[in-house]
Each structure stands twice: as structure tokens, then as C-alpha cells.
1. Can you send over the carbon and sulfur percentage of the accessible area for the stretch 242-282, probe radius 1.4 Å, protein chains only?
2. Please give the per residue accessible area of the chain, computed with a probe of 1.4 Å over protein heavy atoms only, in Å².
3. What is the percent carbon and sulfur in the accessible area of the stretch 1-54, measuring with a 1.4 Å probe over the protein chains and ignoring ligands?
4. Let me make sure I get this right: for the stretch 146-186, a, b and c are the square roots of the gyration tensor eigenvalues over alpha carbons, sorted descending. Under 1.5 in a/c it's rounded, otherwise prolate if a/b > b/c, else oblate. Which is it?
5. What aspartates and glutamates does K159 reach when the alpha-carbon gap must be under 17 Å and sequence neighbours fewer than 8 apart in one chain are set aside?
6. Let me spell out the model: positive unit charges on the Cβ of Lys and Arg, negative unit charges on the Cβ of Asp and Glu, origin at the Cα centre of the stretch 74-220. What dipole size does that give, in debye rounded to 20?
7. Using only DSSP helix segments of four residues or longer, with each worth -39500 (n - 2.57), what per-residue ellipticity at 222 nm results for the chain after dividing by its residue count and rounding to 500?
8. Work out the length of the dipole vector of the chain about its Cα centre, built from +1 on the beta-carbon of each Lys and Arg and -1 on the beta-carbon of each Asp and Glu, and round it to the nearest 20 debye.
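The values are calculated or read from the model by the stated rules, or taken from the named source; none is laboratory data. Every value quoted in this text rests on a predicted model; they were computed, and no experiment measured them. Note that each Cβ is placed from the backbone with ideal geometry, even for glycine, and that neighbours are counted across all protein chains shown. SASA here: full protein model, heavy atoms, side chains in, ligands and nucleic acids out. Shrake-Rupley method; radii C 1.70, N 1.55, O 1.52, S 1.80 Å.
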Amino acid sequence: MKLASLKSGRDGRLVVVSRDLTRYADASHIAPTLQSALDNWKRHAPRLETLAEEVELGSVPTERFHEKDCASPLPRAYQWADGSAYVNHVQLVRKARGAEMPETFWTDPLMYQGGSDSFLCPRDPIPLADESWGCDMEGEVAIITGDVRPGADRNEARKAIRLVMLCNDVSLRNLIPNELGKGFGFFQSKPSSAFSPVAVTPDELGSMWDGDRLNGALSVRLNGEPFGRANTRVDMTFDFPTLVAHAARTRPLSAGSIIGSGTVSNRGEDGGPGLPVAEGGVGYSCIAELRMIETITHGAPKTGFLKAGDRVEIEMLDDKGRSVFGRIDQVVGG
């Protein structure tokens, strides 16, 4: 089933959305918010699934679904922990700022705890007070968990995955080096993120979900032009059960915790960093990677970071060309 939160108060109003994202039925009589549904998933999920079936059959009243009316599926969450599952991306952006990458990064996931109290709506503008901060988009996949006990293994972690969605993890690249240089992690360099209008249960994804990874081309467009179409399954060093178990190694995860994949990144056919879409490659899911390639090729980056008025779109289509999660569509400072 596909779930969304329409804008209403701080935590939205839960609705069930049709598979083709054209219609929705109110689900607040089952659970007023998505967080409420997650808190008692065993009770609420079967009723929500029944409502989803009724939406497809046309046997319940529905209204037209407009993605602009959506908050992020969880407008705020108890936990937002973002990993770096695509180590190719980590390698490139660290190289861009002159930082060596330890070999352990290939065997032990990176993860940071982001701000989860104020997610952007999927059609909200990206606030940017100062263009010199180096604003960048990061196209990602994210999952929402149920309760996870401390020390959970991969099998428990896999069973705890409730929903899958897309993410724009906004980064302020020029603030990162000084912040990490303090040895205490991201904070100011990681403002509010945005998630796709719709969150989808794994069973609804069919062959696009193998239990561990999402399999599809992540479309990233910048100012209407294709920027990236990396495959989310390819080159994912750490799958989602691994990331969830990593996050729960020493503490529990509460229902409604969001775990991100980090920026989706594919190597080129030759094992190198890959080519832009315009040159026949799958491109990139963030500007920082393209700037690194430009530095390697030309000695300096040519592409600037986001500026006021730039438009970022992130989406995934199924094999029939239909949007799976809806589209993140944001204008910088708009």
C-alpha cells in the first residue's frame, strides 16, 4: 500500500493513496497520523491494507490526490539516521576536500544523526540564507522502521522495515570541512531534508524490492535537465538490514525511525567515477560528485552549487513509466 500525510497541523493527516497516485481515501478513522499507525502497526496495518484494496476497487469514497498538498510522510520523526551505503560517493566527496578514506569505510558503515524535528514538504522551497554555503541536493532512498531492539541482527532488522521512500538530503558543502574538522560531526551543514510525497510498503514494490535493497533508476533533474539516473541497487555496499542493525547496535530504534541510504552513486563501466548523463553515463545524485569529476578532468570544478531559483526534482518510475513514490520538486529559496 501507499501512504501519505496531507498537510494538517504538525504531524499531518494520514491517507491511503491509489497505486497510480491519482486518488486517496482518508485513513484518520484508522490512525490519525502515520506515526500513530507505526506505533501500533500490527493492529493498524491490516485495516489500512483493506482500505487500500477498497481504494483500488472504487468501493470507498476518494478524492483527487495532489502531491502539492503533502507533507513529508513523517513531517517530524523520533529518529533520522543517514548512512553512506554507496561508498563510491564517500570516496569521491572525501577526495574533493583532500581527505583520505580509511579502508574500514568498505566494511563498517558511516552514519550520522540528522535533525528530524522539521522535515521539508516534498514541494517546499529549499531555504538558503547564503549561497556561499554551497547548497547541494542529495538523492537518496530511505526506509521507516518499526521498533527495533538493541543488538538486533540483520534478520530482525529486515523484518522491521515498514515503509520505503525517497529523500533529498540537503547539504551545505562549504560548511562541512570546518565542521568535521572539529571532530564532532555534522550539524549546521545539514539543514532540513525532504522526503517523497508517498511512502510505500515493501510488498507493494514487487520486483523493485528484494528484501534488502530498492532496485530502480533514481531520476535527479536540475533545472529541468537530467542530472542523474543511478540505479539504487547497483554499488550499494551496505544494504538496509545492515544499516538498521548498525543503527541499533547499542540502542533501540523507536517505531517511526528513518534510516537513509546516503547519496545514490554508481561507478562507471570501467570501474571509475562514471560519466555525466549528457556523455552517456548515469550521472550523479549530487553536485559534489560532478565537481570532483571536473576537478579530475579539468583541474578545477566548473559546476557551481545550487543558487536561488534553481529547481531540483527527484523521482523513481516503475517499468511502466509510472511514478512510484511521487516527486520531490523543490526550488531553492523559492
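1. Values: 850 of 1790 Å².
That fraction is 48 percent.
2. Details: 14670 Å² over 334 residues.
Solvent-accessible surface per residue comes out at 44 Å².
3. Working: 1070 of 2440 Å².
Whole-percent figure for carbon plus sulfur exposure: 44.
4. Details: a/c = 4.97, a/b = 1.94, b/c = 2.57.
Oblate shape, in that a/c is at least 1.5 and b/c is the bigger or equal ratio.
5. Here the aspartates and glutamates satisfying the reach criterion relative to K159 are D39, D147, D203, E204, D210, D212, D239.
6. Details: 14 positive and 20 negative charges, 22 e Å.
Dipole of the stretch 74-220, to the nearest 20 debye: 100 debye.
7. On the way: 7 runs with 65 residues, N = 334.
The helix contribution divided over the chain gives -5500 deg cm²/dmol.
8. Working: 38 positive and 45 negative charges, 113 e Å.
My answer is approximately 540 debye.
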